[in-house]
Amino acid sequence: MNKFSRAATAGFAVSVLLAVASSAAFADRPLKWRELAVPAADNSQQHHLEKTAAGELILSWVETDGNASTAKFAVLEKTGWSLPLTVIREQGKLADPPVVLGLSDGSLAAAWMPYPTDSTDRYASDIFLARSIDGGLSWSAPLKPYGAAARVYDAQMSLAALPGGRLALVWTDMRLASHDPAADPKANRYQLVSAVIDRDWRANPEQILDNDVCSCCRSYTAALGERLLTVYRDHAAGEIRDISAVRWQPVSATPQIGSVHADGWVIGGCPSNGPSVDLAPANAVVAWFSAADGKGRVKAAFSHDGGETFRAPVELDADASGYANASLLEDGSALVSWRGRQGPDDELRVAKLGEDGKISRRTTLYRGGFPKWPSKYLATQVIGNQAYVAWTDPALKRVRLAVVELN
């Protein structure tokens, strides 16, 4: 047994004991789960989960060595993990976790966000995209998919695969923002901007999805055919920062913005705690965090018209840190993961939520600390009858992965 297997086994045993200890308080019918060893080395972080066009799990992460950051990925095949491959190696830190996802034509796309070394704007990042047609053995030259006027706010991007080998990208843009507190609010706005990369790997013109959004909360984008649904923390007069959803298309069309729920959270700064969405032919589900009354709450809401309107939300946790993820299941229910609180520690919790608003099963996968940045987020991906949940363990200094059985 190698050292990373021993560490994963030890961590698994601790997590099982913690899950059993907390089951009386937080589990009615616990979901069955196990920990799966991952090929990430020590000092791994900034995890992300996607899948190939064939439905295989992709885990991407960053390994740090001195001042260098290496973005890697591996695919969970039927016989186990593929050989980890490198996407890019950068001097310095990467902002948002790098993403590797499968495109509809069988190729792979990668996205990463290095901090510019020659920039005096400490809030700015760049986004680079690359494509691989040989399973990640080689990558195309990096593509910066926006014009010179763009100013990408760091750690804020979401992606979704489109038909025909295309890719949708959404980012938070601060070209209209001023970091002077005395600046006119009308001239101090963060925008949600998108671009579609075509099958020839060229970026189409940018499209503004919303011209006034919360700055630091990441967006989440889901696609179904030519339909795209992006959820994000909005920004309204009076410093109200609730969750909105925008429906848009790759072609030129006016984005349709709607509210997910009016929590009425008034906060004079960004909580850095964005929502998550999943989309099916007729349904959608959104999960998010809110502290409108001073208590950290995780909520989820279903839509039965593709994200045009949402039902009243269900509260999953009234003492939470947030960072929620939501995935639709084949029976119409949803699996939601988030960070709850248990004494001085956080817990990684998952729950199966029915369309009727009832929680049928829930359990705790991990209790302990979470990194503050840039690996504080969770990642969830559902494939068949299994859900994969990834997190970074600061004690072990590595990425971990749990497999949750959904049947």
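Roughly how many percent of the accessible protein surface of region 160-286 is carbon and sulfur, given a 1.4 Å probe and a whole-percent answer? About 52 percent, which is the carbon plus sulfur part of the accessible surface. Of the listed residues Cys270, Cys217, the order by accessible area with a 1.4 Å probe, largest first, is Cys270, Cys217. Among Leu329, Leu103, the sequence by solvent-accessible area, most first, with a 1.4 Å probe is Leu329, Leu103. Computed extension length for Thr79-Ala53: 7.6 nm, one decimal, from 0.36 nm per residue of separation with the Cα-Cα distance subtracted. 3J(HN,Hα) along region 360-365: 8, 8, 7, 7, 10, 9 Hz, from the Karplus curve 6.51 cos²θ - 1.76 cosθ + 1.60 with θ = phi - 60°, whole Hz, x for Gly and Pro.
Kirkwood hydrodynamic radius for region 281-349: how many Å is it when counted over pairs of different Cα atoms? The Cα-based Kirkwood calculation yields 12.5 Å. Over the chain, DSSP H runs of length four or greater, each weighted -39,500 (n - 2.57), average out per residue to a 222 nm ellipticity of -2000 deg cm²/dmol. Pairs of alpha carbons in region 259-307 separated by more than 16 Å make up 44% of all such pairs.
Summarising the overall dimensions of region 183-277 from its C-alpha atoms, the Rg and Dmax are 14.0, 44 angstrom.
P(r) tail, the chain: Cα-Cα pairs separated by more than 32 Å, 30% of all pairs. Based on protein heavy atoms only, the chain ends up with 41 Å² per residue of surface accessible to a 1.4 Å probe.
Could you run the Debye sum over the Cα atoms of region 273-407, one equal point scatterer each and no solvent, and tell me log10 of I(q)/I(0) at q = 0.18 Å⁻¹, two decimals? Ignoring solvent entirely, the Cα scatterers give -0.97.
The values are calculated or read from the model by the stated rules, or taken from the named source; none is laboratory data. This one's a predicted model, so the numbers in the text were calculated from it and none came from an experiment. The accessibility values were calculated without ligands, DNA or RNA, using every heavy atom of the protein model including side chains. Shrake-Rupley method; radii C 1.70, N 1.55, O 1.52, S 1.80 Å.
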